[in-house]
Amino acid sequence: MKSPAISVVMPIYNVEEYVGQAIQSVLDQTFSDFELICVDDGGTDRSMDIVREFDDPRIHVVWQANHGLAGARNSGIAHARGEFIGLLDSDDIWHPEKLSLHYIHLMANPDVGVSYAGSRMIDRDGNALTVAMRPSIGRVNPREIICRNPVGNGSAAVLRKSELERASFMHPDKVGRKCWFDEEFRQSEDIELWIRLAVKHGVVFAGIDGLLTDYRIIPGALSANVVKQYLSWTKMLRKLRSYAPDFVEEYGDTAKAYQLRYLARRSVQLGNYELAQDFMSKAVALTPKMVFQEPRKTAVTAAAIAAGKLLGEKRFSALMRPHLRAAI
């Protein structure tokens, strides 16, 4: 059987409300030379029944006992036959031109290993929010990756498989299991891989124009637990220090400050203004120059925290609902 140009890997775990939309967004791609690998991560709802309702020979199902997102992606990548790997989480949606634009970009730039684009934010009902991830266009250096994470989310990247292979390793506890994502991470597994690819293996990252992914914000989802998210991110930084101590020495504090500011905004969204204040105070104390380097973003974050504390969760949520809709 002829190998497809692109293998799309979709982990699936208890997402019956969204998985049909995610699959349909792949089948609606203007670029058709792909396979879609749906990884059943041992869920208990109707998600896989919905998958099997699609009658398309390009869809393949891989089953595994629950390994989490990193493990499901690894299982999917292990079965991938394409020259390129696209990652799509099963609650997100792709723009119809996404694969085509990334394919053109990667074919025209053979030294680029990871092609990414911006993302529109949507709420749990699929309504577009007024915020979006608009990353840098063109090539980015490792400093930008750790400080800004321009890829933004796990559904935004399309990777050259040969470059992804440079970061592969055998699982330390499971004989014969090959990994790309580190399965010890239940959060921050994306940025851990991106920074390992860029810093340890010299893989080139480059962004293209457009908001080509609809990234869904679901209240109560794993990413909403900001404390766990911060602990996972610092775990990533410790791992990075083990193989690139000079890099962490130079950029670690700045990267941590930006991460703390991001988590402060997430805490505001979740209605925890005291935690938001704590994160923001730590961010400014760690890297005071961020106030002058990015005055607008820093000021808006501080203002949102102050407004939340003054108005209270209910009034502040009512004020923000036109912007965040069902994401709060």
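When the Cα positions of M121, P295, L99 are compared along the charge dipole of the chain, P295 comes out farthest toward the positive end, with charges on each C-beta of Lys, Arg, Asp and Glu.
If each DSSP helix of 4+ residues adds -39,500 (n - 2.57) and the sum is divided by the residues in the chain, what number results at 222 nm, nearest 500 deg cm²/dmol?
Working: 13 runs with 145 residues, N = 328.
Here the helix-only value at 222 nm equals -13500 deg cm²/dmol.
Of all lysines in the structure, the ones whose alpha carbon falls short of 25 Å from that of K297, not counting any fewer than 8 places away in one chain, are K228, K256, K282, K289, K309, K314. Per residue, the stretch 219-312 exposes an accessible area of 52 Å² to a 1.4 Å probe, with every protein chain left in place.
Centroid-to-centroid, using Cα positions, the stretch 1-70 and the stretch 168-229 are 19 Å apart. Farthest toward the positive end of the dipole of the chain, out of A244, N153, V8, is the Cα of A244, where the dipole comes from beta carbon charges about the Cα centre. Taking Cβ atoms as reference points and 10 Å as the exclusive limit, the residues near A257 contribute a net charge of +3, counting Lys and Arg as +1 and Asp and Glu as -1.
Given the convex hull of the Cα atoms of the stretch 157-201, what is a quarter of its surface area in nm²?
Here the figure is 3.4 nm², rounded to one decimal.
Basic side chains Lys and Arg get +1 at the Cβ, acidic Asp and Glu get -1 at the Cβ, and with that the dipole of the chain about its Cα centre reaches some 1160 debye. Using the Stokes-Einstein relation with a Kirkwood hydrodynamic radius computed over Cα pairs, the translational diffusion coefficient of the stretch 169-264 at 20 °C and a viscosity of 1.002 mPa s comes to 140 µm²/s. Split the accessible area of the chain by element, probe 1.4 Å, and carbon with sulfur accounts for 53%.
Over the chain, what per residue volume does the convex hull of the Cα atoms give, in whole Å³? Show your work: numbers first, answer last.
On the way: hull volume 43.0 nm³, N = 328.
Given the Cα convex hull of the chain, per-residue volume reads 131 Å³.
In the chain the longest region clear of trypsin sites (Lys or Arg not before Pro) that are loop-assigned by DSSP and have at most 10 other C-beta atoms within 10 Å covers 3-288.
Share of pairwise Cα-Cα distances greater than 23 Å in the stretch 44-191 is 43 percent (whole percent).
Accessible area per residue for the stretch 1-120, computed on protein heavy atoms with a 1.4 Å probe, is 39 Å².
The values are calculated or read from the model by the stated rules, or taken from the named source; none is laboratory data. Since the structure is predicted, the reported quantities are computational estimates derived from the model, not experimental observations. Heads up, the Cβs are rebuilt from the backbone with ideal geometry, glycines too, and the neighbour counts pull from every protein chain shown. Side chains included, ligands, DNA and RNA excluded: accessible areas come from the protein's heavy atoms. Shrake-Rupley method; radii C 1.70, N 1.55, O 1.52, S 1.80 Å.
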